[in-house]
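The values are calculated or read from the model by the stated rules, or taken from the named source; none is laboratory data. Note that the structure is a prediction, hence the values are computed from the model and not measured. Counting neighbours? That spans all protein chains shown, and the Cβs are built from the backbone with ideal geometry, glycine included.
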Amino acid sequence: MGLLKDVLVGDSKEYRKDILFPVMQFISRQRGQPELYEGLISDLDPLAMPRGTSEMEVKMRQVSVCVCVENFQLIVASLCVVACLVLDKTEKYRKLFTRT
């Protein structure tokens, strides 16, 4: 829920760099205004809304990115659990067959 909280509050530097800035870059390019977000922006600079873009559109895109990131994190965690289980089973079978 941390990333989604940041969408609503927008107060973390990581969130601004990893979620908000890329979303604003994408929208500005889509609207034909790539110059708005061509370079790096400092943590203190305000982010201008591209012309023709509603705040709701920006929030929806941020939420969709956060959901993708959180889903990816869940998949990675699940794969780690599966890998640990496989390693554990492999080790048990190895011990079982090396005793005889």
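Step by step: first the residues of region 35-91, then only those that are among the small types (G, A, S) and part of a helix (DSSP H, G or I), then the one that is nearest to the chain's Cα centre (by Cα). Which residue is that?
Of all residues in region 35-91, those among the small types (G, A, S) come to 39, 42, 48, 52, 54, 64, 77-78, 83.
Remaining after also requiring part of a helix (DSSP H, G or I): 64, 77-78, 83.
Working: S64: 9, A77: 15, S78: 17, A83: 23 Å.
Restricting to residues being among the small types (G, A, S) and part of a helix (DSSP H, G or I), the top hit is S64.
Can you tell which of R94, R51, R16, R99 is touching a Gly at 6+ places or on another chain (Cβ under 8 Å) and at pLDDT below 90?
Working: R94 fails: touching a Gly at 6+ places or on another chain (Cβ under 8 Å); R51 fails: touching a Gly at 6+ places or on another chain (Cβ under 8 Å); R99 fails: touching a Gly at 6+ places or on another chain (Cβ under 8 Å).
Criteria check complete, one pass: R16.
Keeping to region 41-100, report how many residues are in contact (Cβ under 8 Å) with a residue 12 or more places away in the chain and exposed (fewer than 10 other Cβ atoms within 10 Å of the Cβ).
Qualifying residue count for the region: 1.
Against the condition out of contact with any Phe, Trp or Tyr (no Cβ under 9 Å at 6 or more places or on another chain) and either at pLDDT 75 or above or part of a helix (DSSP H, G or I) (or both), how does G32 come out, does it pass?
Working: out of contact with any Phe, Trp or Tyr (no Cβ under 9 Å at 6 or more places or on another chain): yes; either at pLDDT 75 or above or part of a helix (DSSP H, G or I) (or both): yes.
Criteria met by G32.
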